[in-house]
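We did not get these values from a lab; they are worked out from the coordinates using the rules stated. These numbers come from a predicted model, not from an experiment. Reconstructed Cβ throughout: ideal geometry from the backbone, glycine too, with neighbour counts over all protein chains shown.
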């Protein structure tokens, strides 16, 4: 049986519920409504659509207000990372329909958090777009030459990426989280910045991984978010430490 894998573009609307009622950077915690909409393209055969579902964790409390999914679907969980996923089974008659997921979210500012070193070990492995090779190892070792512990070494890698990379979405090849592309082109978006950082970190034995989500705008209390944002986390001193290099660039 053949399936059409349908790419989708999401449009997320955010209505923030803030005590002061004025836009601005929120410290500590924030509350808002998050609406995730997907409009299906034309479907000519059997199809599957995968949509990530928001979930509660140590830094956010998510309440499902409404899941408007006008077709057959099921909720599954991936084996490796326990992410919840909505799997749709649309038919040609569902072409053009809109799926809307509405959440109420209380978000707490993210900081370093404790975790098991055994779990962190999996994030030393190479991946297709984030390989470990002699080029990354040489660059990383040069950047951390006089550093003693992993926290200082990761900070040195952060500074190296900041100095080497330039945020630039022109041309082709950017936006895939391709560490080799980022290393050679020295440009890209958030996924490229952090793929490069992760490859460097793993090459010298520091576990590192991607994190991805939506950026809540600080300059308005209501509006749309046209895409994703990603950052990285590295493991040092028994804690995962979040870093956002492209946002700091």
Order by protection proxy (mean Cβ within 10 Å, highest first), peptides 143-149, 127-133 = 127-133, 143-149
From the coordinates shown, Rg/Rh (Cα atoms, Kirkwood Rh) corresponds to which of [x] 1.03; [y] 0.95; [z] 0.99 = [z]
Let me have the 222 nm mean residue ellipticity of the chain computed from DSSP H runs of 4+ only, each contributing -39500 (n - 2.57), with the sum over all residues rounded to the nearest 500.
-> -6000 deg cm²/dmol
Stokes-Einstein translational diffusion, segment 64-138 - Kirkwood Rh over all Cα pairs, 1.567 mPa s, 4 °C, in µm²/s = 75 µm²/s
Crossing angle, helix 150-164 versus the chain [Cα axis fit, 0-90 degrees, rounded to tens] | 80 degrees
Helix 190-203 axis, angle to the chain major axis (alpha carbon atoms, nearest 10°) = 40 degrees
What's log10 of I(q)/I(0) for segment 113-248 at q = 0.15, 0.17, 0.21 Å⁻¹, Debye sum over Cα points only, no solvent?
-> -0.70, -0.88, -1.26
Using alpha carbon centroids, what distance separates segment 94-126 and segment 70-86, in Å?
-> 14 Å
How far, in degrees from 0 to 90, does helix 134-143 lean away from the longest principal axis of the Cα atoms of the chain, to the nearest 10?
-> 70 degrees
Taking 203-212, 48-57 and ranking on average Cβ neighbours within 10 Å, highest first, one gets 203-212, 48-57
Residues 89, 160, 194 arranged by fewest to most Cβ contacts within 10 Å | 89, 160, 194
Just for the chain, what percent of DSSP beta bridges are antiparallel, to the closest 5?
-> 95 percent
